[in-house]
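Shown next, in structure tokens, is the structure this report addresses.
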Amino acid sequence: MQQFKSMNELVEYLCTMESRMEKLESENSNLRAQLIQVNNAAVSRYDTGSLPRTNLLSKSFLTRAFAVYGHFFVANFIIGLIAMAAYFCLAAVLFGSILDGLPRTP
């Protein structure tokens, strides 16, 4: 802790500290402004480059809901086609074996 011998020394010290604080505050505000500019540029680059343009990321709830429903519908359709193809193959095999077991009339 610094000891002051007179009031003038104290006032001079306080004036020095005040000027240093003003310089630091201005430097801090300049650095914050630069940081905001850099962050905005990085966010805009990240936003445009990495995220796909899809309704799944929309801000509207209904748009997101219908996008999810559309994906659900297509997935069920594909799964249904595969299941239907398997069913028809199984039916053809069973129907063919049933027809083989029937007596044939010439």
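Determine whether Leu62 is at pLDDT 95 or above and assigned to a helix (DSSP H, G or I). Explain how you work it out, then say what you get.
Numbers: at pLDDT 95 or above: yes; assigned to a helix (DSSP H, G or I): yes.
The answer is yes for Leu62.
Could you list, in sequence order, the residues of region 1-45 that are assigned to a loop (DSSP other than H, G, I, E, B), among the hydrophobic types (A, V, I, L, M, F, W, C) and loosely packed, with under 10 Cβ neighbours inside 10 Å?
Met1
The values are calculated or read from the model by the stated rules, or taken from the named source; none is laboratory data. What you are looking at is a predicted structure, and each value in this text was computed from that prediction instead of being measured. Cβ: placed from backbone, ideal geometry, glycine included. Neighbour counts: every protein chain shown.
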